[in-house]
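Reading through the structure tokens given below for one structure.
The values are calculated or read from the model by the stated rules, or taken from the named source; none is laboratory data. Please read all numbers here as calculations on a predicted model, not as lab measurements. Positions of Cβ are generated from backbone atoms using ideal geometry, with glycine treated the same way; all protein chains shown enter the neighbour counts. Heavy atoms of the whole protein, side chains included, go into the accessibility calculation; ligands, DNA and RNA do not. Shrake-Rupley method; radii C 1.70, N 1.55, O 1.52, S 1.80 Å.
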Amino acid sequence: RDRSPSRGLGDVYKRQYQQGRDFVSKGKWLKAINSFRKAIEKDNQDYKAYNMLGYSLRQSGDLLGAVSAYNRALNLKENYQEALEYRAIAYAKLGEKNKAMQDYKKLLNLKSSFADGLKEKIYRYLQK
């Protein structure tokens, strides 16, 4: 075991976060969720880890859990555009048109490229 000072909590966090990203790329949602939760245990101020946790939860079908994770990401970084887009999709899948459109409008106001095509996705999910 490497016990050098450079292998502290930051390294554990980075390893868990990267492992989560690797699981996402393979579509292994439950393993990704587990990795992102472990990363958050090491650094509960990282909005990107919460965002990726939300993404993984949404892909696994836990829409309410996803919205909660996106909310946490957005509490840490208010205008995090990726989380706004993903939360809008989760809201649409939950049938929450008004909330989905609020996130879409916020992205439009930010002149974000994440708004491109989002309105169509929202309406597509609302019709399912």
* Taking Cα atoms, how many degrees apart are the long axis of helix 47-60 and the longest axis of the chain, rounded to 10 and kept between 0 and 90? -> 70
* Lys and Arg at +1, Asp and Glu at -1: add these up for the other residues within a Cβ distance under 10 Å of Y86 and post the number. => -1
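Distance cut-off 30 Å, Cα to Cα: go down the list K42/K119; K48/K93; K26/K121; K31/K121; K31/K111 and report the pairs above it.
K42/K119; K31/K111
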* Structure fact -> Counting only protein heavy atoms and rolling a 1.4 Å probe, one gets per residue an accessible area for the chain in Å² of 60
* Structure fact -> Surrounding charge for W29, neighbours by C-beta under 12 angstrom, Lys/Arg +1, Asp/Glu -1, total +3
* Calculated [θ] (222 nm, deg cm²/dmol) that DSSP helices of n ≥ 4 give over the chain, each run adding -39,500 (n - 2.57) -> -24000 deg cm²/dmol
* Carbon and sulfur %, accessible surface of the chain computed with the full protein complex present, 1.4 Å -> 43
* Asked: Just by accessible area at a 1.4 angstrom probe, what is the order of F36, F114, F23 from largest to smallest?
  -> F114, F23, F36
* **Acute angle (nearest 10 degrees) that the helix 29-42 long axis makes with the longest principal axis of the chain, alpha-carbon atoms** => 60
* Asked: Which angle from 0 to 90°, rounded to the nearest 10, does the C-alpha axis of helix 81-93 make with the longest principal axis of the chain?
  -> 60
* To do: Can you send over the solvent-accessible area of R87, 1.4 Å probe, protein chains only, in Å² to the nearest 10?
  => 40
* Asked: Ignoring ligands and nucleic acids, what accessible area does I33 show with a 1.4 Å probe (Å², nearest 10)?
  -> 10
* **Protein-only accessible surface order, largest first, of D116, D62, D103 at 1.4 Å** => D116, D62, D103
* Structure fact -> Taking every other residue with Cβ under 13 Å from the Cβ of Q16 and scoring Lys and Arg +1, Asp and Glu -1, one gets +3
